[in-house]
C-alpha cells in the first residue's frame, strides 16, 4: 500500500511553520508505505482536509488496518510505516498499544498483537427442555488468523462469563470457562432451575408449550497465568454487564425429536427414528396407514445398506392385517406383504392414521461405519396378476454416531468480509470449519462431509466443500448479519456474517478539474505527444518557439469510497463500516482499471497524476475488472485560458519524523503524522528542498509531481558562511556555520532547451528558512518553533482569488518560530537588501512577454507626456488672443468654428430652411435678421457661376446690452464677425475677379456696420 501526495485529514496546524498563501490543503508531499498488512487503507475524514493539513512541513492522514500478515507478533515483527521524500526516508514500527483494538481488550497483556480479535458466542441448541435442563454456549476467538505459526499464549487467554436471565428480579444462573487452544474455544454450561419449566396455572395442560424466553449475556474476564481457573466471580449474581449473545426459547418436555414422518404415498407413512443412533443399538421404523384409505392389499419394499441389519417385522394389529415377509438370507432388501382382514372403526375415529406394523433394524457395532445410512422405500399395489408401483421411490437417512452430539457450530476465521474483489477481480475467501458439541462439553472438528448453502448468493457464496465463504467480485451488495446454513447428519446451524462492499459509484477526487496552460512555462515537445493547438496573434511564437510548447497544469488523482452493508432488517438505513464521514483511499486497488476516456486531451501518470494535453473535455473512469461496467466517472476540462504562477512555497527538509496515535474521531483508525524539520545540527549536513506552486486560478500543486525534464530548480545561498548550495537538478542545502533565518532563495526556471535568450526565464522564486545549530536536537527546534505570530520573521499577507471567485487572505510565515527563549540559538541573519521594518516578500523574475509589455507601456506614457507638454506650450503662446465681441461688454456663448465645403448660396438656403418655424434661440444665421430681412441675400444668389470654395467663417451669438431699452426678452442675433482692415476681406477662391462688383460693395458695407 503506497500513498503519494493526496493529502488527507490529520493533525493541527503549527503557526510557526512556513505557510503557503492558499486556502487549499497543502502538506509535506512524502510517500508512505505500510508493510506487514494484507489489507489496509488510508482514510479521509469529511470536511477535515483544510482543518488538519495546511503546513508545508507536515502531512497527517489516518489509516485503517483490516488484516495483518501471518506471523506478526510483538515485539519481534511488528507492522511498520516507511515514509520517504527525496533521498531521505524513515521507518518506524506501529506501537503495540495501537494493535490491540478498542477497550475492553481480549487480552490483559500489552505486549501481544490482538488487532481485530473478538470473542464470539453461539448457542449450541436453540431450545432446552426439562429432560436436559441446561444451555450450552460455545465461545471462540474471531479475527485471529488460523495460519499463524504460533498459537496464542495460553497464559494470556481470558475467561468468559455467561448469565441466563428470565426476569431481572430472579436469581440468574451464571457459569464461566476459559478459552483454550489455537482457536480459543470453550463451552459454558448454564444449569436452568426446575422452576423455570413450571407452566402457568391453566386448567388443561397441553402436551408441549412454550414458557418465558431466556436472555443470555456474557462478559470477558482477563486472567493471567497458564492453567489458572476462572475467578469465582463467574458464579456470582449478575449485575447487568456484558454483551448480549441471543435470546432462547424454553419448552416443556424433552427437546429431542420423537421422529420425522416420511410420506410414502397417499396411503402410507413411515416414522423415521430420531438421530443420531449409537453403534449396536436397535431402531424401529413404524408404518402408518391413513384412516380413510380403502386399500386392501399392498407390498412394502425396503432397500438398506450393509451398515444395518434387518431384525423382524412386528405387526401392530393382527386382527386387521395379515402380514408376511420375504427376505433372502444375507440380502439387503426386504419385502413385506400386507392383506387387510377387517376394518378398524375405532382407530379411524380417534386419529387420521393408525399403526400397521413396526420394522426393527440393528446398527452394526463397527468403528469405521459410514455415519449416514440410507434406506429406500417403495409401495406396490397388485392389479390383477401384476403389481404396480403408484409412487416414486422415497429415501430416508439414519445417522450413526458413537458420541452423544448435542449440536454443531460453524466457526469462521473472521465474521466480517470486505469485498474488494469488486475492485480487483481477485476473490476473497474466509476459512470455515464445523465442530460438534457433545453433552459433556467436548468439542470435535467434523471431518466428514458437511452440506452448506448461502441464504443470498448475491452477497456471499460458499465453496463446494463448505470450508470457505467467499466473494469473487460478481456480488454487488453487502449485508449485515447474513446467514449461511450448515448441515451435518441430522443437525443444522447457521453462521452469521457481515459483508462490506464499496459504495458505487466510487468517488474520483481530482485536485484540479480545470487544467490550463501556464504562461511563460515552455517545455520540449515530445514526439509522441500531440502538439497543443496554436493560439492567436502574438502567442503563437510563445508556444512554438524552438520546438517547445506551453506546459499544462498537473493535478493529483485518488479514488475514494465508503464500505457499506444493507441492514439486516429490510427498510433500514445503510450501515457504514467506518462511519459515514470516513472514506477509504482505494487508489492502489484500482490502478489497473483507472483510465482517461480520451487520452488525446489528458493522460494519467502512474494512476495518480493527471496531465493536460490538448483543449477539450474528457472523463476519468474506473472500469470493472470483470465486466464492461463503469464503477466511477469524473469530468475534467482542459481550457484555452492561461494561468500564471503566483507563488512558490519553499520548505527545507533536513530530517523526517513519524508519530502515530489513536485517531480521536474513529477508534478503528490510526493517525499518522510525518513532520519535516529545517534544523541542521551537524556540519556538512544536507537538506533537500520541498516546493509547492500556486497558480493564478487558486489551485496549488507540489512541484515534484511535474516531470523533472520540464524545469530547472536552482538555489542561491544568501549567507555563504551559514549554508552552501550543491546545485544539481534538484539542489541540496549544506550546513557550513550556525545561523538562522530566510537564507536560501529558490528559483524555478524553464528548461534550457526552451530558453529563448541567454537570460534565464524565471517562472517563480521563493525564500526558505534555514536553522543551523550544531549539536541541537529536533525536539529543541520544535520547542523554539512554537509561539505567536508577532515576532515572526515573515508576517506578509497575500491575497488571491480562488476558482469560486472569492478572495482569501492567508498569512505566510517563513520564520522558524515565534515566542520562546532564543538566547541559546544563533542570531538571526539579516537578508541582504532588507531592513528591520520591511516585510519579507517572495518575488519571482519577469518573463520576456512581461518585459515587452512593460516597455510598450513606457513608450505610451512618454508619448502622452510629450502631448501634454505641447498642449501647455500652445496654450501659453496664444493666451493674449481675445475675441472682439468681448470688447463690447457682452458675453460670448456657444462659439463655433465652421469649415464650409460648398456654394455660399447652398449655405444660405439650407440655413434659412432650417431656421423657419424654429425657436429663435435655436438658430444661428450667417447675417443679422433686421432692416430688410434677406435683402442682402440677392447679392450672394445672383453672383457669378457657382464655385466650390472653402471659406473660414466665425459666428458668435451676441447677448443684449443690459442698458439697452426695453430690457425685455433676449434677442438672438447672429452677426458675421470680422476684424481688421480691408485687406482682411478676401475670398479664398483666388480665381474670382471681384473688381467693383456688387458683392464687394456689400462686404464693405457689412464691415462698416460691424
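The values are calculated or read from the model by the stated rules, or taken from the named source; none is laboratory data. Since we're looking at a predicted model, the values are computed, not measured. Every residue, glycine as well, gets a Cβ built from its backbone with ideal geometry; the counts of neighbours run over all protein chains shown.
From 714, 724, grab the single residue that is touching a strand residue (DSSP E or B) at 6+ places or on another chain (Cβ under 6 Å), surrounded by fewer than 23 Cβ atoms within 10 Å (Cβ to Cβ) and modelled with pLDDT of 90 or more.
724
If residue 214 satisfies all but one of (1) at pLDDT below 70; (2) over 27 Å from residue 152 (Cβ atoms), what's the number of the condition it fails?
Of (1) at pLDDT below 70; (2) over 27 Å from residue 152 (Cβ atoms), only one is false for residue 214: (1).
Quick one: how many residues across segment 446-495 are within 31 Å of the chain's Cα centre (by Cα) and not in a strand (DSSP E or B)?
Residues in segment 446-495 being within 31 Å of the chain's Cα centre (by Cα) and not in a strand (DSSP E or B): 12 in total.
Suppose we filter segment 134-159 for residues that are within 20 Å of residue 444 (Cα to Cα) and in contact with a helix residue (DSSP H, G or I) (Cβ under 9 Å, 6 or more places away or on another chain); how many remain?
0
Regarding segment 343-353, can at least one residue be identified that is surrounded by 15 or more Cβ atoms within 10 Å (Cβ to Cβ) and at pLDDT 90 or above? Steps first, please.
Looking only at segment 343-353, we keep the residues that are surrounded by 15 or more Cβ atoms within 10 Å (Cβ to Cβ), and these are 344, 347-348, 353.
Cutting the leftovers down to at pLDDT 90 or above gives us none.
The answer is no; no qualifying residue exists.
Conditions tested, residue by residue: (1) free of Cβ contacts under 8 Å to residues at least 60 places away in the same chain; (2) under 60 Å from the mean Cα position of the chain (by Cα); (3) not in a strand (DSSP E or B).
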position	(1), (2), (3)
284	no, no, no
295	no, no, yes
299	no, no, no
310	yes, no, no
313	yes, no, no
325	yes, no, no
335	yes, no, no
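Scan segment 622-633 and tell me whether some residue there is within 21 Å of residue 87 (Cα to Cα), part of a loop (DSSP other than H, G, I, E, B) and at pLDDT below 90. Give the derivation first.
First pass over segment 622-633, keeping only residues within 21 Å of residue 87 (Cα to Cα): none.
For segment 622-633, residues within 21 Å of residue 87 (Cα to Cα), part of a loop (DSSP other than H, G, I, E, B) and at pLDDT below 90: absent.
So that you can scan it fast, the table gives a plain yes or no per residue for (1) more than 28 Å from the chain's Cα centre (by Cα); (2) under 27 Å from residue 582 (Cβ atoms); (3) assigned to a helix (DSSP H, G or I):
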| position | (1), (2), (3) |
| --- | --- |
| 640 | yes, no, no |
| 657 | no, yes, no |
| 676 | no, yes, no |
| 692 | no, yes, no |
| 697 | no, no, no |
| 709 | yes, no, yes |
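So how many residues does segment 123-162 have that are over 14 Å from residue 179 (Cβ atoms) and in contact (Cβ under 8 Å) with a residue 60 or more places away in the chain?
Qualifying residue count, segment 123-162: 19.
Name the residues in segment 21-44 that are at pLDDT 80 or above and touching a helix residue (DSSP H, G or I) at 6+ places or on another chain (Cβ under 8 Å), would you?
29 - this is the single residue of segment 21-44 that is at pLDDT 80 or above and touching a helix residue (DSSP H, G or I) at 6+ places or on another chain (Cβ under 8 Å).
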